Amino acid sequence: MSTIRLEIVSPQRGEIYSNDINMLIVRSIAGELGILPRHARLLTELIPHAMKVKVEGGEIQIAVGGGFMEVTPELITILANAAELEEAIDVERAKAAYKRASDRIEAYKNAAKDYGEIDIRRAEAALARAKARLTVKGIKVD
C-alpha cells in the first residue's frame, strides 16, 4: 500500500510526529478531510480536534489544538498551535481544563452583563482543545 509522509510540528515542542502513513482524517475550517497518498496540493486552517492517522496495522489519534496544514502529493505538514500524542496527555489536567471552559461558557450565557466576545471565544477554543485531548484518551464528552 502506498504511503504519504506526515510531519507535525508546534512552536513550543518542535517535532511532535513524523512517519509514513496510509491516510489522515482531519477537521478543517471547511469541514472534515481525508488525505491519501498523491493528494492534490492543499493549504487549510485546522480546528481543534482529535485527528485520525491510519498507519500500517491500525490507527492512532493525535490531539491538535488548531493550526495549519499543507498537503503536497508526497508530504503532509501540520503546523499546530499545540499537538499531543496519546501518551503525552494528562487526563486529569484535560478534565480540569474542560470543566473550567464549560463553566466559563455557562457563566457567559447566564450573565446579566456582557463579558466580551473575546472571552467567550477563548473559552470555546479552550473547550475544543480539552475535548480533543479527552477524545484521544478515549473519554467521551458531550
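The values are calculated or read from the model by the stated rules, or taken from the named source; none is laboratory data. What you see is a predicted model, and the numbers here were worked out from it, not measured in a lab. Don't worry about glycine lacking a Cβ; one is built from the backbone with ideal geometry, like all the others, and counts go over all protein chains shown. Just the protein is used for accessible areas: all its heavy atoms, side chains included, with ligands, DNA and RNA removed. Shrake-Rupley method; radii C 1.70, N 1.55, O 1.52, S 1.80 Å.
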Any residue in region 91-114 that is among the polar types (S, T, N, Q) and within 15 Å of L6 (Cβ to Cβ)? no
Could you check how many residues of region 1-28 are more than 16 Å from A80 (Cα to Cα), within 17 Å of the chain's Cα centre (by Cα) and among the charged types (D, E, K, R)? 0
Kindly evaluate K99 against the criterion of being charged (D, E, K, R), within 23 Å of L46 (Cα to Cα), open to solvent by 30 Å² or more (accessible area, probe 1.4 Å) and modelled with pLDDT of 90 or more. no
Within region 57-93, track down each residue that is assigned to a strand (DSSP E or B) and open to solvent by 70 Å² or more (accessible area, probe 1.4 Å). E59, F68, E70, L79
Which number in (1) under 22 Å from A128 (Cα atoms); (2) more than 14 Å from the chain's Cα centre (by Cα) marks the one condition that L46 misses? (2)
Only one of (1) over 28 Å from N19 (Cα atoms); (2) in a helix (DSSP H, G or I); (3) open to solvent by 70 Å² or more (accessible area, probe 1.4 Å) fails for K131. Which number is that? (1)
Looking at L85, L33, can you tell me which residue is of a type outside the set (S, T, Y) and over 16 Å from L134 (Cα atoms)? L33
Exclusive hit being aliphatic (A, V, I, L, M) and closer than 19 Å to K137 by Cβ, set V55, V71: V55
Scan of region 12-56 for residues that are in contact (Cβ under 8 Å) with a residue 40 or more places away in the chain and either among the basic types (K, R) or loosely packed, with under 15 Cβ neighbours inside 10 Å (or both), ordered by number: Q12, R13, E56
Of all residues making up region 10-36, the number that are touching an Asp or Glu at 6+ places or on another chain (Cβ under 8 Å) and part of a loop (DSSP other than H, G, I, E, B): 2
